Amino acid sequence: MSGVQPIRRPNHRDPGAMLTDAFDKLQRGRYPEAESAFRDVLRVLPGQPQAIYGLAATAFGVRRYDMALE
C-alpha cells in the first residue's frame with residue numbers, strides 16, 4: 001500500500017490534536033462541544049494558554065461574558 005496514508009483522527013491523548021479539534025469545533029459554532037474539548041485540554045495541561053483563550057472565546061460566542069472574563 002505504498003503512497004496511501006491512513007485517515008488521521010484526533011488522538012485525545014495528544015494535547016496538540018485535542019487543541020486542533022477544540023478550535024475546529026469553535027470555528028464551526030459547536031460551542032458546547034468546543035467548551036468540553038477545551039476543558040479536556042486543561043485537565044491534561046492545566047493553565048495551557050491556548051486552551052484558556054479558546055474557552056474564553058467559546059464563552060463569548062454564547063454570550064456568557066461572565067465566564068469569558070474568568
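Note on region 28-59: among residues that are among the basic types (Lys, Arg) and more than 14 Å from Met18 (Cα to Cα), the one that is surrounded by the most Cβ atoms within 10 Å (Cβ to Cβ) is Arg30.
When the criteria are applied in full, Ala59 meets the requirement of being of a type in the set (Gly, Ala, Ser), more than 11 Å from the chain's Cα centre (by Cα) and at pLDDT below 95.
The values are calculated or read from the model by the stated rules, or taken from the named source; none is laboratory data. From a predicted model like this one, the values you see are computed outputs, not experimental measurements. In this analysis, Cβ positions are derived from the backbone assuming ideal geometry, glycine residues included, and neighbour counts consider all displayed protein chains.
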